[in-house]
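Peer 1: Quick one: the structure is below, questions incoming.
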């Protein structure tokens, strides 16, 4: 199990050091600093073995978090724990920075004592932790016996992520579907691989212990698991969405999903990621990006990028940002674009083209002349892909009915571009927001 | 006011100031002081001098202050054991506090104070806390038992805490269960023999119930514990798998990986014929792919594990190549791992895509990554023969880029391609030679020199090229020197007239001027060879090279099995067994996969067979397991009518044979009652195995005296490798007896005597039936021919490839080892003709996935010729049909260990464009199919 946990700043100075096991000594703190933080070479692995001691590290901005062990621990668990640790800290004091860590070091020690016992992770849900560990010192001495036992039963209970007795005047629920479309295109424009990875983020402000059911669209077919067949699709007469795989927040009853395909849960209070999903089948690319690069002599490059929106004309993509990388020896850029604004940002080595909104089935283009400095520098340009970001935001009807404490949401479509089919008018409190990231696509190789 | 001020450096006399503050009357000031102490402690300053003052602050009702003091105590108690005792009272008092949070805090902290005297006082409070009414206290106490055990194991046993801990597994609170499981697992690891985690179906059921209810971390503890359990049969394994699969949808990657571990391990026990087995296989892929959208560090852990899973069960991810394509923004460690997996998954079906990707990667920026990509292209060429040409042209394109490290890496892999496909791509040598000057790495230089030497006769200026290397001979690394020496000797043997001077030069450089013993030895050997017997020298130096293997970096099967049991853990990240990086005895219990217990015939698919073969030792110790090996071993008990080996009895006998170490001891043993179905008396001999098959053969009268096809003798052990002893040989089967025809030649200068031979354990139990008889001493240049009779009664261990045989030959000089491949048809027994009805029934009975299809090209024989030729090698035609102008032959054969192979041979005599045969083989042990096909080909083409 985890033998110790250290937090360092970018210089390698220790900010937090908590040792859980006898086999980890103070020298481990220095070993990591010398061999990893101060190492001359770029870090080649997140797991390092130094003198039979293993170090797991993650970095958040310029802060290093390292877990140390001498045993054959569950490596995946250690990393999951480190991420969780970051989430917990962020939930308590915001951004993970040197200043914030120093300001809250007592709190961090207290948290570390609570969520890691003898190197075994314990309940680390902020909802539960915040009931008895606060930044304002501990209130326990003023608690009644009932309150105390309520805390402990929540921390150890089956629903460790939610406390009882939450009350809201208005019960509200928000759903965000965030998708990123990962597309790999050959220089010839052929799609090499494409997949969508999506996240359903829920913000729940509900009273009591609400039993929620998230009926995924009944058209959804989980690929490769043999549940749901073509028949069902034809029966419903709608386009089905094939999902390769999905994972759920720990509040979702997995065995129920496995047997009945229904997603039932008691949500944590506030924002959380309900599920992630991944799909590779029948991906409709919301945009086509067509780059053309021409070299004019040794010192000039002509770039033309066309984007075509490939969704229903009634939908609107917003906050479109296209990022076209430029070579390192660029000396100047002239840009002409039909729509929106484009700027060359020398510090980022990219042309950034922003369009406020664009309807479906439209087309726009940008052309740029890139002046290059003649250079003998052998340092190669990594030729990053063109990337694109945009949002499709729409108010969407969620048929919801509140029956006592049971809330059912049916159905929710997962992909924005499938959404437009059956729009019902919007009940005021629900908001459907989708953001699609669209990248990367490769520039044609230069010779 | 912020706390960061405590980190600011302070001046001298700090300790003194702190002391005063700690003893202040004001609570706030005290707390501030303790915070300063903790901050100093964090940055590594020694504040142990303040021990008594800090401990004095412990008696407080301020919980925050109390926690800070505890933190201090945990750090320094060990250095001040006498003072630490002062704290005991407070701990004991706190363990009685009405507030469960305080009770838990006290017991948690006390366990972290590693001072003997305190430990003694801990026992009573701990006992109470283990039975506390509050689950929060119980779950903390459970972990505390593990802490105490770490300090004083004896004390824990004496106090009976282990039993209490075991009781907690049945606790009503899932988190208590999870922590108890974690604590017990850890304690059990340091007592491998104890039966602490006494897992039985009941307790497993409790764990599985708790699994649905506890936190993500608890689920990991429980799954990791489940992975150590061995279900009693395949049904139990299946029911556990069914309850574990929902975990594959958990958001926590560690839960997913631990579930994968349980499934991978228990799958081993499931029969591949089960529908459930197939379902499970399909369920594994999506979650594994999903792990690749996790954070990069977790992706890295996942990829290292996928690398293992792909080696163990390639079928799981064989269609998922694309997800391993490298993304631009992947960290380098993720890129390198993805590349590794891409090569493993490369196959004829996806090779075009893979190559296009690899070519792209070869133009990236990171040097390590580019090198690995270039190397990967070479590995693809070697792995997928159809792609070799495309790979070579891709490599040539890359060489044209003139990027130094790309060129060097490409040359290293091209050398391997030359070795794999000799005389095919030599046209590229000219291009390679153009880049000679840019090579500065030893490996690339050595590879280039090897190429020049190997193809010296086709390179006009080979002598000039090699000479140019010779100038700086002393500055080269040993690898290059050795290669240069060999290459020049090769050149000399090929073009003796022009290169005499050059060879003299290199020999004297190697023998006189070098202080590297390897180089000197090699130089002397060449010198002597060349001066005494140039013909022999030619045979030695220009000998045919052994094939290079297709898969590289495969993990050795027993280690792979152990690592599969460690999925998710550090061992799986390092690809090393825990014992390699864990100190002491803790956690290094050797783990192995459970043997298959289902009694049905195992049907490993040929794909998994190489990696999935259970280690031989498992069989030795667990004789009742009817796994793959048992099947190969099967002695066919019944008369041929019974067809393929039947179920349990046969399996057990196979195992008995292993234990007994041979059949001789078993013959006539009372337990060995002839099977009731043995209607044909002649078959009584059959159970005794093929060692006696010659006897059986005579009585049955099926055998043909003509004998099967005999391959010409090949050199098995070159004289160079065996201090002058050259062994060539072949295998024959005549009238039912197998023999190894050997030709021993003494090419040394001294007389050889005292010959003996021994075989390593092999797939079919081949063993010498008589000692190696060399009657007279073998004098120099003398050759002797010996026929060594073989039996198949030796002990059995599956080899890779199946038909390889490792042989040790001893003489008065030394012991030499070599390995050879025997053609499978020497194992075809003469009673391998199956009854027609039986054939039909068996053909239907064997599942379709066991069918393997092959083509035998350029074999313009008609059905009669084929049939008679095969018959002489004991492949019998059971039936013949003519369908739409094609002749179909249905054939059967039986191996010495009783495995039946059924064949359908399609002959198209009228088809001028294709003068080949199509062969379908069905067998319950499909891994033999490939070799049977090779036997067909050999027999038909010779």
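All of the numbers you see were taken from the coordinates with simple rules; none came from a lab. Note that the structure is predicted; figures quoted are calculated from it, not measured. A quick note on method: Cβ atoms are made from the backbone with ideal geometry, for glycine too, and the neighbour counts reach across all protein chains shown.
Peer 1: If a/c stays under 1.5 just call it rounded; otherwise compare a/b with b/c (prolate if a/b is bigger, oblate if not). Do that for segment B:402-480, with a ≥ b ≥ c from the square roots of the Cα gyration tensor eigenvalues. It would help to have the intermediate numbers written out before the result.
Peer 2: On the way: a/c = 1.59, a/b = 1.22, b/c = 1.31.
Because a/c hits 1.5 or more and a/b fails to exceed b/c, segment B:402-480 counts as oblate.
Peer 1: In peptide A:255-262, what is the residue-averaged number of other protein chain Cβ atoms found within 10 Å of each Cβ?
Peer 2: Numbers: counts 9, 2, 2, 8, 1, 0, 0, 0.
Other-chain Cβ atoms within 10 Å of each residue's Cβ, averaged: 3.
Peer 1: Shifting gears a bit: Assuming R0 = 35 Å, can you tell me the calculated FRET efficiency for the pair residue B:438 and residue A:97, based on Cβ-Cβ distance, to the nearest 0.05?
Peer 2: In this case the efficiency is close to 0.10.
Peer 1: Send over the Kirkwood Rh of segment B:832-942, from the inverse of the averaged 1/r over different Cα pairs, rounded to one decimal Å.
Peer 2: 14.0
Peer 1: Follow-up question, since we're still on this one. On a 0 to 90 degree scale, rounded to 10, what angle separates helix B:388-400 from the longest Cα axis of chain B?
Peer 2: The answer is roughly 60 degrees.
Peer 1: Can you list the residues of segment B:252-286 with backbone N under 18 Å from a point 7 Å past the Cα of residue B:349, pointing along Cα to Cβ?
Peer 2: Taking a point 7 Å out along Cα→Cβ of residue B:349, the residues of segment B:252-286 whose backbone N falls under 18 Å are B:278-286.
Peer 1: Label points 7 Å out from Cα along the Cβ direction at residue B:124 and residue B:528: separation in nm?
Peer 2: 8.4
Peer 1: Between residue B:942 and residue B:516, what is the FRET efficiency for a Förster distance of 56 Å, r being their Cβ-Cβ separation, to the nearest 0.05?
Peer 2: 0.75
Peer 1: In peptide B:363-373, how many Cβ atoms from other protein chains are near each Cβ within 10 Å, on average?
Peer 2: 2
Peer 1: Then there is this: Where does helix B:367-383 land angle-wise versus the long Cα axis of chain B, in degrees 0 to 90, nearest 10?
Peer 2: On a 0 to 90 degree scale, this one is about 40.
Peer 1: Suppose R0 equals 60 Å. What FRET efficiency, 1/(1 + (r/R0)^6) with r the Cβ-Cβ distance, do residue A:203 and residue B:430 give to the nearest 0.05?
Peer 2: The pair residue A:203/residue B:430 has a calculated efficiency of 0.30.
Peer 1: Of the peptides B:796-803, B:519-526, how do they stack up when ordered by the mean number of other Cβ atoms within 10 Å, highest first?
Peer 2: So the order, starting with the most tightly packed, is B:796-803, B:519-526.
Peer 1: Still on this model: Shielding of B:203-216 by partners, i.e. mean partner chain Cβ atoms within 10 Å per residue? Walk me through the numbers before you get to the answer.
Peer 2: Numbers: counts 0, 0, 0, 0, 0, 1, 0, 0, 2, 5, 4, 6, 13, 11.
What the average comes to for B:203-216 is 3.
Peer 1: Oh, and also: Compute the long axis of helix B:63-76 from its Cα atoms, compare it with the longest principal axis of the Cα atoms of chain B, and write down the angle in degrees, 0 to 90, nearest 10.
Peer 2: Rounded to the nearest ten degrees, it is 50.
Peer 1: Follow-up. When the Cα centres of segment B:814-846 and segment B:94-154 are compared, how far apart do they sit, in Å?
Peer 2: Centre-to-centre distance over Cα atoms comes out at 66 Å.
Peer 1: Say each of residue A:51 and residue B:821 gets a label point 7 Å from the Cα, pointing the same way as Cα to Cβ; how far apart are those two points in nm?
Peer 2: Simple spin-label model gives 5.1 nm for this pair.
Peer 1: Quick one: which of B:456-463, A:155-162 comes out on top by average Cβ neighbours within 10 Å, and what's the full order, highest first?
Peer 2: Packing order, densest peptide first, comes out as A:155-162, B:456-463.
Peer 1: Can you give the three extents of the C-alpha atoms in chain B along their principal axes, from longest to shortest, in whole Å?
Peer 2: Result for chain B: principal-axis Cα extents of 107, 81, 59 Å.
Peer 1: Please state, as a whole number in µm²/s, the translational diffusion coefficient that the Stokes-Einstein equation yields for segment B:1-152 at 10 °C and 1.306 mPa s, with Rh defined as the Kirkwood radius across alpha carbon pairs.
Peer 2: Reported coefficient: 99 µm²/s.
Peer 1: Still on this structure, I have one more. Looking at the square roots a ≥ b ≥ c of the eigenvalues of the Cα gyration tensor of segment B:283-327, which shape do they give, rounded for a/c under 1.5, prolate if a/b is larger than b/c, or oblate?
Peer 2: prolate
Peer 1: Right, another one. Using a ≥ b ≥ c from the Cα gyration tensor of segment B:164-208 (square roots of the eigenvalues), is it rounded, prolate or oblate, where a/c under 1.5 gives rounded and otherwise the larger of a/b and b/c decides, a/b for prolate?
Peer 2: oblate
Peer 1: Distance in nm between label sites at residue A:174 and residue A:359, each 7 Å beyond Cα in the beta-carbon direction?
Peer 2: Result for the modelled spin labels: 2.9 nm.
Peer 1: Tell me what chain B gives for mean residue ellipticity at 222 nm when only DSSP H runs of n ≥ 4 count, each as -39,500 (n - 2.57), the sum divided by the residue total, rounded to 500 deg cm²/dmol.
Peer 2: So the calculated ellipticity at 222 nm is -14500 deg cm²/dmol.
Peer 1: I've got another one for you. Taking the mean number of other Cβ atoms within 10 Å as a proxy for protection, how do you rank B:763-774, B:468-479, B:77-88 from highest to lowest?
Peer 2: Listed from highest to lowest mean packing, they are B:763-774, B:77-88, B:468-479.
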